[in-house]
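This report concerns only the one structure given below.
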Amino acid sequence: MSVLILPPLHFLLSPFLVLLFLVTLVCNVLLRRMQSGHRRLPPGSMGWPYIGETLSLYTQNPNTFFSKRQMRYGKIFKSHILGCPSVMISSPEITKIILVTQSHLFKPTYPSTKEKLIGPQAVFFHQGSYHSHLKKLIQSSFLPSAIKDQVRNIENIVPGLLATWERMDSINTLHEMKKYSYEVAMISVFGNNVEGKEIEGLKHLYHCIEKGYNSMPLNLPGTPFNKALKARKLLNERLKKIMQKRGESGEYGGGLLGVFLGLNGKDQLSDSQIADNIIGVIFAAHDTTASVLTWLLKYLHDHPLLLDAVKNEQEEIRRERLVTRRGITWDDTRRMPITARVIQETLRTASILSFLFREAVEDVEIEGYIIPRGWKVLPLFRTIHYSSDFFPDPNKFDPSRFEVAPRPNTYMPFGSGAHSCPGNELAKLEMFILIHHLTTSFRWEVIGEDNGIQYVPFPVPKQGLPIKVHRIREV
Ligand code: HEM
């Protein structure tokens, strides 16, 4: 048995020892500073071992989580969430470095289960030449010059959809917007070549995948994730059949699929590369646009004066349409400045993609801090969009703020840099067309008083914003 012998107290308190202790402490701090040199991690807390700060993130409003830390540590700080050491960024200048000027040092990163469901060869998951090849193809299919021709097809979806709304006591806005954005996405990727029956078959499989995507990734018989994996396999087969059919007919058909199938030589893509990207684009186009459309209806409803201004703008276009007996045109959608600013402000206020995930591919030094290789890096779009430095009175829904262009790198609802959204013009076009018909031929009221938010996974008004729609005249 060992005996602990304590030194006498007067020895412990001797001035010599206190001095020795202080000198050792100072030397230690200096030595550590010298060793780390410029390799200083950003300030912040890594939380508890293993779980880090994940619980804090999930038990409070994520915006509060980020803004509290930004106030305490500044515009770049470290944390540990979802099992990963992470650096969070709320500075426009540093965001630009990560997404634009040094983007090759920060690769996009997604959980492998999500990659499996969408398809590992989809554009989002890649960097370098494969990514830029795909990106050019996708971008060219969604440029204004390409989507101009789709205005009529998109507009054709609207009367049928609105007619079902007025027949119901109430509708779940989010669900209905999802139907709309799904139909638009299908037109964009397939053109008008796939007959109804085939589209219906794809819809069921796609919804199964979507359910699994937003569930626990538990691959056990009967779980949504397991069903989604099976549906993903079947969807691949269906898509291959459609590709075969188009190939045999000698016509590649319209939409993004037509563009992919028409490639020759070294540009050609394999069937599975095509399938992963078709599914990827539908995924990217669907929930995002539906969530923003849901917010758009809520904000217009909550701001009657703005709604009147939008109605007046749209009425004028309607009058012209009726005189010339035509549907809405691309040029009409360029003459909606008030509606355009309401959409811009909706995108800022809703900030449905609150942040992105990137991963440092090597140790990177930014503003004197080191971001170690393998760490996640999160540009915090929502925090930037809600900064009063860039958007005065940020909690106010005020479309007039966009009468002046925002400062560079402060407004990024569609991302920035190499991975920025190729579908932004299509998403806005969908909104213009729906808002035109909804505000000129219908009225809507929100049912219930709940102003809450739910995450599905994007932030949306609680219960998908139940509304009652009344027709005031024919579309
Ligand atoms: C309001 C609706 C939408 C919002 C808010 C939105 C937002 C975004 C954002 C922030 C990114 C960047 C992701 C990153 O950097 O990691 C992105 C990428 C992407 N979006 Fe959208 N998006 C919307 C609609 C659409 C639509 C309609 C399409 C259809 C073409 C689309 C297709 C894509 C694709 C393919 C990417 C990946 C690009 C790449 O990795 O290079 N999005 N979107």
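Table for the structure above
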{"item": "Enumeration of residues in the stretch 112-127 that are out of contact with any His (no Cβ under 8 Å at 6 or more places or on another chain) and within 14 Å of the ligand (Cβ to nearest atom)", "result": "LYS114, GLU115, ILE118, GLY119, PRO120, GLN121, ALA122, PHE125, HIS126"}
{"item": "Test result for GLY119, touching a Pro at 6+ places or on another chain (Cβ under 7 Å) and crowded, with 21+ Cβ neighbours inside 10 Å", "result": "no"}
{"item": "Meets criteria (free of Cβ contacts under 8 Å to residues at least 24 places away in the same chain and either within 15 Å of the ligand (Cβ to nearest atom) or under 22 Å from PHE391 (Cα atoms) (or both)) for LEU305", "result": "yes"}
{"item": "Selection count where residues are open to solvent by less than 30 Å² (accessible area, probe 1.4 Å) and of a type outside the set (A, V, I, L, M, F, W, C), scope the stretch 140-165", "result": "3"}
{"item": "Enumeration of residues in the stretch 52-83 that are open to solvent by 30 Å² or more (accessible area, probe 1.4 Å), under 18 Å from ARG358 (Cα atoms) and either in contact with a helix residue (DSSP H, G or I) (Cβ under 6 Å, 6 or more places away or on another chain) or of a type in the set (A, V, I, L, M, F, W, C) (or both)", "result": "LEU82"}
{"item": "Residues of the stretch 166-187 satisfying the condition of being open to solvent by 70 Å² or more (accessible area, probe 1.4 Å) and either on the phi > 0 side of the Ramachandran plot or more than 16 Å from the ligand (Cβ to nearest atom) (or both)", "result": "ARG167, ASP169, HIS175"}
{"item": "All positions within the stretch 345-367 that are more than 11 Å from the ligand (Cβ to nearest atom) and open to solvent by 30 Å² or more (accessible area, probe 1.4 Å)", "result": "GLU359, VAL361, GLU362, ASP363, GLU365, GLU367"}
{"item": "Odd one out for SER141, checked against (1) under 18 Å from ALA275 (Cα atoms); (2) in contact with a strand residue (DSSP E or B) (Cβ under 7 Å, 6 or more places away or on another chain)", "result": "(2)"}
{"item": "Whichever residue in the stretch 400-421 is in a loop (DSSP other than H, G, I, E, B) and farther than 23 Å from GLN102 by Cα and, among such residues, is most open to solvent (accessible area, probe 1.4 Å)", "result": "VAL404"}
{"item": "Cβ pairs under 6 Å, 6+ apart, first in the stretch 403-419 and within 7 Å of the ligand (Cβ to nearest atom), second in a loop (DSSP other than H, G, I, E, B)", "result": "PHE414/SER420; PHE414/CYS421; GLY415/CYS421"}
{"item": "Counted residues, the stretch 368-388 - those being open to solvent by 10 Å² or more (accessible area, probe 1.4 Å) and under 30 Å from HIS301 (Cβ atoms)", "result": "5"}
{"item": "Residue list for the stretch 370-422, restricted to those being under 20 Å from the mean Cα position of the chain (by Cα) and of a type in the set (A, V, I, L, M, F, W, C)", "result": "VAL377, LEU378, LEU380, PHE381, ILE384, MET412, PHE414, ALA418, CYS421"}
{"item": "Residue count for the stretch 188-237, restricted to those that are open to solvent by 30 Å² or more (accessible area, probe 1.4 Å), assigned to a helix (DSSP H, G or I) and touching a Ser or Thr at 6+ places or on another chain (Cβ under 6 Å)", "result": "1"}
{"item": "Matching helices (runs of 4 or more DSSP H) fully within the stretch 59-124 where at least 3 residues are farther than 25 Å from LEU218 by Cα, over 20 Å from the mean Cα position of the chain (by Cα) and of a type in the set (S, T, N, Q)", "result": "none"}
{"item": "Some residue of the stretch 247-268 being in a helix (DSSP H, G or I), within 16 Å of the ligand (Cβ to nearest atom) and over 21 Å from GLY201 (Cβ atoms)", "result": "yes"}
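Residues are listed down the side, and each one gets a yes or a no for (1) farther than 15 Å from LYS376 by Cα; (2) modelled with pLDDT of 95 or more; (3) of a type outside the set (Gly, Ala, Ser):
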residue	(1), (2), (3)
MET88	no, yes, yes
THR95	no, yes, yes
LYS107	no, yes, yes
LYS114	yes, no, yes
VAL123	yes, yes, yes
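The values are calculated or read from the model by the stated rules, or taken from the named source; none is laboratory data. As the structure is a prediction and not an experimental result, all values here were calculated from the model. Don't worry about glycine lacking a Cβ; one is built from the backbone with ideal geometry, like all the others, and counts go over all protein chains shown. Heavy atoms of the whole protein, side chains included, go into the accessibility calculation; ligands, DNA and RNA do not. Shrake-Rupley method; radii C 1.70, N 1.55, O 1.52, S 1.80 Å.
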